[in-house]
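**Student:** What follows is a single structure, and I will ask about it in a moment.
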């Protein structure tokens, strides 16, 4: 009988198992902070043995403990190097220790490290011996053993084993998981003639690390070659297991109900499938758990994954390769169907009856169970028309929510994205009604920081973790329940408003709290008893990132890791605001730094949680000669009215980052006391005009309020004024415009109104969009000059036409006749 354990490695147990060796006087000021672990050599050990390892990293000079997340490994001795870059540790591995990855952290007096992994096997462990870079130099390796080595650039490491005909030989690697970087291993099992019996690059079971296996055809020597796929090892470590152990890659069916005893078929082993019994754990809700397969008393060297959920299970029945052959599936209660896309081109069809208005969540578990399947889910009506579906839902697994439009029969189909298939392409489809759920994760206080998964809490001080509650299909206030805290440690600020999904959770340690670590439990519950919804901490911890910090390999933890560490030489205090911040307003938070001894370091302040609609500086630095600063905040016109807890985080570099937090204060967001609307005004350069502010009283206030115009153009002035709650509706500001003030429509005017409450200013910024038009003065018309009288011109004298000689004679004759 095999028992399942939590696949997330860090989910069980209420505390760390660790050994502590005090090394330095506790009276010293912090000698180190934020330790980091980069490598463990060797990266693993055998059950039932003691092993000496070298833990390498930074700021390890005051290391006191290794904190393992699962039982079975204890620290017998720890000897840090004074240079702070490594420590020699003797580990004792119990005979029943969990096989596979065992995450741990290093706790120092002043910090707690990121996660590193130590591997546990059932096989003897050896170290690589160079040279072994070609077949002729292959180093002998006993069957059923583990070797730890490193790969340089253009390096291939060869090992030779003696195997018998009919033996099952499996080869399994850990490269990416050991190196914590994108180490892309390739492994080959070959005979003396260099004929490949098995080879692998990437495998779904181990995420990226390859495994392969074969049945040995005859007695003789066989070779194992391991290299980086692109021949770029870079001196990174690996772990290679070679032996007769079983190596199934999947179980079918791939899950069941909590506490259920299942008979499953183990698939993917080179010796063929075999039956096994597994006992599923009693988990509180749907979960993915790991089991270590066994065959003939020999366990595999790493687990496989199954799903645990309280749903009836149905197994696929072939043939169901098209709509006409669709298998009947009852979804009247939460149900899951298990199947295998067993060959290339295979598709599995299922049909179900549903009622109008039903809303059903269809979720495929394939890659989430380390199956090679890249699922595609399609939903059809009875006419064969596709009505919904999904390929990837943030991961290779598919998810679709569908509201049934009418009573009747419907179908869904499962296939591989590339129409691939194989004996271990297992899947599970859960069809469930919409159910409110929530989960809790820790958020980084800055986008690129990676320390949100743990917290160091100095004695006599406090630290903060920003938690996000992911509500799904419900709303409302949520209350956190924080448990399994160490002695002398308390949690503060555990209510999450219905208007946000985040809360700054404070962990405070008394001055005499023991220097120890704990894996605290964080649960959540909706405060409305009429709609009970519960949730739990479920944190993805990234081991390997790629392509702009996207997670490639990660584990999940349902516990949050904290460590009480030695005191630090400063603390901070956030003064309780005496007055609210109003919508469309501003305020300053006063932060005080209390320094101890001769500590004069700069302290950087962060406001990790801001109420909705409130903004402020990303950070502010308190210089070594300062003891207090103002942290400015602004609220927009839609800021959420109410009382909000606010916390400030402080960081200083004391041979590494040391972080503390203030106690929370209540920041009240209120509606504005008054409303102001600016009337448009216009005047010419060099003139004066009145700018009218129409004031609407919203809330009575005592004393006088000050009001001034902000955003006036260059060399335009207006006096500050005062008014009371009994002021007239219109308030006129005489505006003086300089002759050189810029011409145009100036639209950025607003009023800053300051009301005093409890001796503190309440600053409003109102009347945005006010307009002042400045015109140029009119141009002066030039004086018209009198035009001189025009001289009278004599009438033109007509010139007489000259008479011809004949005409003259006739004229003379006529005149003579008249005389007579």
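The values are calculated or read from the model by the stated rules, or taken from the named source; none is laboratory data. Treat the numbers as computed from the prediction; the structure is a model and nothing was measured. In this analysis, Cβ positions are derived from the backbone assuming ideal geometry, glycine residues included, and neighbour counts consider all displayed protein chains.
**Student:** Could you please let me know if residue 564 is part of a strand (DSSP E or B), farther than 28 Å from residue 514 by Cβ and either assigned by TED's automatic domain parsing to the domain that holds residue 626 or in contact with a strand residue (DSSP E or B) (Cβ under 8 Å, 6 or more places away or on another chain) (or both)?
**Tutor:** Working: part of a strand (DSSP E or B): yes; farther than 28 Å from residue 514 by Cβ: no; either assigned by TED's automatic domain parsing to the domain that holds residue 626 or in contact with a strand residue (DSSP E or B) (Cβ under 8 Å, 6 or more places away or on another chain) (or both): yes.
So residue 564 fails the test.
**Student:** Follow-up question, since we're still on this one. How many residues, within the range 176-207, are assigned to a loop (DSSP other than H, G, I, E, B) and under 41 Å from the mean Cα position of the chain (by Cα)? Lay out the reasoning, then the answer.
**Tutor:** First pass over the range 176-207, keeping only residues assigned to a loop (DSSP other than H, G, I, E, B): 180-184, 192-195, 201-207.
Going one step further and asking which of them are under 41 Å from the mean Cα position of the chain (by Cα), we end up with 180-184, 201-207.
Of the residues in the range 176-207, 12 are assigned to a loop (DSSP other than H, G, I, E, B) and under 41 Å from the mean Cα position of the chain (by Cα).
**Student:** Out of 658, 676, which single residue is part of a strand (DSSP E or B), within 30 Å of residue 594 (Cβ to Cβ) and in contact (Cβ under 8 Å) with a residue 60 or more places away in the chain? Steps first, please.
**Tutor:** Details: 676 fails: within 30 Å of residue 594 (Cβ to Cβ).
When all the criteria are applied, what remains is 658.
**Student:** A follow-up question, please. Looking at 112, 78, which one is touching a strand residue (DSSP E or B) at 6+ places or on another chain (Cβ under 8 Å), crowded, with 20+ Cβ neighbours inside 10 Å, at pLDDT 95 or above and not assigned by TED's automatic domain parsing to the domain that holds residue 223?
**Tutor:** Numbers: 112 fails: at pLDDT 95 or above.
Going through 112, 78 in turn, the sole match is 78.
**Student:** So, one more: For residues that are under 17 Å from residue 78 (Cβ atoms) and in a strand (DSSP E or B), scanning just the range 39-53, find the one that is farthest from the chain's Cα centre (by Cα). Before the answer, list the steps.
**Tutor:** Within the range 39-53, the subset under 17 Å from residue 78 (Cβ atoms) is 39-42, 45, 50-53.
Of the ones still in play, those that are also in a strand (DSSP E or B) are 39-41, 45, 50-53.
On the way: 39: 25, 40: 27, 41: 31, 45: 33, 50: 38, 51: 36, 52: 36, 53: 33 Å.
Selected residue: 50.
**Student:** Take the residues in the range 85-99 that are part of a loop (DSSP other than H, G, I, E, B) and under 33 Å from the mean Cα position of the chain (by Cα), then tell me which one is farthest from residue 110 (Cα to Cα).
**Tutor:** My answer is 99.
**Student:** State the number of residues belonging to the range 712-737 that are surrounded by 15 or more Cβ atoms within 10 Å (Cβ to Cβ), outside any strand (DSSP E or B) and modelled with pLDDT of 95 or more.
**Tutor:** So the answer is 3.
**Student:** Only residues that are buried (at least 16 other Cβ atoms within 10 Å of the Cβ) and either touching a residue at least 40 places away in the same chain (Cβ under 8 Å) or farther than 25 Å from residue 456 by Cβ (or both): list them for the range 526-551, please. If you could, list the steps in order and put the result at the bottom.
**Tutor:** Going residue by residue through the range 526-551, those that are buried (at least 16 other Cβ atoms within 10 Å of the Cβ) are 526, 533, 535-539, 541-545.
Passing the criteria: 526, 533, 535, 536, 537, 538, 539, 541, 542, 543, 544.
**Student:** Would it be correct to say that residue 522 is touching a helix residue (DSSP H, G or I) at 6+ places or on another chain (Cβ under 7 Å) and outside the structural domain of residue 116 (by TED's automatic domain parsing)? Give the steps one after another, and end with the answer.
**Tutor:** Numbers: touching a helix residue (DSSP H, G or I) at 6+ places or on another chain (Cβ under 7 Å): no; outside the structural domain of residue 116 (by TED's automatic domain parsing): yes.
The answer is no for residue 522.
**Student:** Looking for something within 28 Å of the chain's Cα centre (by Cα), outside the structural domain of residue 557 (by TED's automatic domain parsing) and under 20 Å from residue 326 (Cβ atoms) - is there at least one such residue anywhere in the range 380-392? Before the answer, list the steps.
**Tutor:** Residues of the range 380-392 within 28 Å of the chain's Cα centre (by Cα): 389-392.
In the following step, the residues that additionally are outside the structural domain of residue 557 (by TED's automatic domain parsing) were identified as 389-392.
Restricting the remaining residues to those that are under 20 Å from residue 326 (Cβ atoms) gives 389-390.
Checked the range 380-392: at least one residue is within 28 Å of the chain's Cα centre (by Cα), outside the structural domain of residue 557 (by TED's automatic domain parsing) and under 20 Å from residue 326 (Cβ atoms).
**Student:** Quickly run through the range 306-336 and pick out the residues that are over 24 Å from residue 286 (Cα atoms), out of contact with any helix residue (DSSP H, G or I) (no Cβ under 7 Å at 6 or more places or on another chain) and either without any contact (Cβ under 8 Å) to a residue 24 or more places away in the chain or in a loop (DSSP other than H, G, I, E, B) (or both).
**Tutor:** Passing the criteria: 317, 318, 320, 321, 322, 324, 326.
**Student:** A further question on this structure: Looking at this structure, is residue 418 in contact (Cβ under 8 Å) with a residue 40 or more places away in the chain and touching a strand residue (DSSP E or B) at 6+ places or on another chain (Cβ under 8 Å)?
**Tutor:** On the way: in contact (Cβ under 8 Å) with a residue 40 or more places away in the chain: yes; touching a strand residue (DSSP E or B) at 6+ places or on another chain (Cβ under 8 Å): no.
No, not satisfied.
**Student:** Continuing with this model, one more query. Can you name every one of the strands (runs of 3 or more DSSP E) wholly within the range 208-296 that holds 1 or more residues which are touching a helix residue (DSSP H, G or I) at 6+ places or on another chain (Cβ under 8 Å)? Walk me through how you get there before you give the answer.
**Tutor:** Values: elements: 211-215, 220-228, 232-243, 250-252, 261-267, 274-279, 287-291.
The strands (runs of 3 or more DSSP E) meeting that bar are 220-228, 232-243, 250-252, 287-291.
**Student:** Go through the range 172-203 and count every residue that is surrounded by fewer than 16 Cβ atoms within 10 Å (Cβ to Cβ) and touching a helix residue (DSSP H, G or I) at 6+ places or on another chain (Cβ under 6 Å).
**Tutor:** The total comes to 0.
**Student:** Give just the number: which of (1) at pLDDT 95 or above; (2) surrounded by fewer than 16 Cβ atoms within 10 Å (Cβ to Cβ) does residue 422 not satisfy?
**Tutor:** Of the numbered conditions (1) at pLDDT 95 or above; (2) surrounded by fewer than 16 Cβ atoms within 10 Å (Cβ to Cβ), the odd one out for residue 422 is (2).
**Student:** Quick one: count up the residues across the range 486-513 that are surrounded by 15 or more Cβ atoms within 10 Å (Cβ to Cβ) and in contact (Cβ under 8 Å) with a residue 40 or more places away in the chain.
**Tutor:** Number of matching residues: 16.
**Student:** Which fully enclosed strands (runs of 3 or more DSSP E) of the range 337-392 have 1 or more residues being under 17 Å from residue 307 (Cα atoms)?
**Tutor:** Fully inside the range 337-392 and qualifying: 359-365, 375-381.
**Student:** In the range 738-755, what residues are over 15 Å from residue 678 (Cβ atoms), crowded, with 16+ Cβ neighbours inside 10 Å and without any contact (Cβ under 8 Å) to a residue 60 or more places away in the chain? If you could, list the steps in order and put the result at the bottom.
**Tutor:** Going through the range 738-755, the residues over 15 Å from residue 678 (Cβ atoms) turn out to be 738-744, 754-755.
Narrowing further to those that are crowded, with 16+ Cβ neighbours inside 10 Å: 741, 754-755.
Passing the criteria: 741, 754.
**Student:** Then there's this: Across the range 571-616, what is the total count of residues that are outside any strand (DSSP E or B) and either touching a residue at least 12 places away in the same chain (Cβ under 8 Å) or under 28 Å from residue 672 (Cα atoms) (or both)?
**Tutor:** Kept after step one, since they are outside any strand (DSSP E or B), are these residues of the range 571-616: 575-580, 583-584, 596-602, 607-613.
Next, from what is left, pick out any that are either touching a residue at least 12 places away in the same chain (Cβ under 8 Å) or under 28 Å from residue 672 (Cα atoms) (or both): 575-580, 583-584, 596-597, 599-602, 607-613.
The number of residues fulfilling the criteria is 21.
**Student:** Could you grab me the full set of residues in the range 272-287 that are within 29 Å of residue 214 (Cα to Cα) and crowded, with 18+ Cβ neighbours inside 10 Å?
**Tutor:** Within the range 272-287, 276, 278 qualify.
**Student:** Does residue 364 count as under 30 Å from residue 145 (Cβ atoms), touching a residue at least 40 places away in the same chain (Cβ under 8 Å) and out of contact with any helix residue (DSSP H, G or I) (no Cβ under 6 Å at 6 or more places or on another chain)? Break it down stepwise before answering.
**Tutor:** Values: under 30 Å from residue 145 (Cβ atoms): no; touching a residue at least 40 places away in the same chain (Cβ under 8 Å): yes; out of contact with any helix residue (DSSP H, G or I) (no Cβ under 6 Å at 6 or more places or on another chain): yes.
Taking the combined requirement at face value, the residue does not satisfy it.
**Student:** Additional query: On the given criteria, is residue 512 assigned by TED's automatic domain parsing to the domain that holds residue 475, modelled with pLDDT under 95 and farther than 30 Å from residue 638 by Cα?
**Tutor:** Details: assigned by TED's automatic domain parsing to the domain that holds residue 475: yes; modelled with pLDDT under 95: no; farther than 30 Å from residue 638 by Cα: yes.
So residue 512 does not fit the description; no.
**Student:** Looking only at the range 56-84, filter to residues that are closer than 13 Å to residue 118 by Cβ and not in a strand (DSSP E or B); which one of those is nearest to the chain's Cα centre (by Cα)?
**Tutor:** Filtering the range 56-84 for residues that are closer than 13 Å to residue 118 by Cβ and not in a strand (DSSP E or B), the one nearest to the chain's Cα centre (by Cα) comes out as 69.
**Student:** While we're looking at this one, here's another question. Of (1) under 22 Å from the mean Cα position of the chain (by Cα); (2) modelled with pLDDT of 95 or more; (3) under 30 Å from residue 354 (Cα atoms), residue 437 satisfies all except one. Which?
**Tutor:** (2)
**Student:** With 150, 110 as the choices, which residue is under 29 Å from residue 63 (Cα atoms) and in a loop (DSSP other than H, G, I, E, B)? Working first, answer last.
**Tutor:** Numbers: 150 fails: in a loop (DSSP other than H, G, I, E, B).
110 is the lone residue from the list that is under 29 Å from residue 63 (Cα atoms) and in a loop (DSSP other than H, G, I, E, B).
**Student:** Could you run through the range 709-728 and say how many residues are touching a strand residue (DSSP E or B) at 6+ places or on another chain (Cβ under 7 Å), more than 16 Å from residue 680 (Cα to Cα) and touching a residue at least 24 places away in the same chain (Cβ under 8 Å)?
**Tutor:** 3
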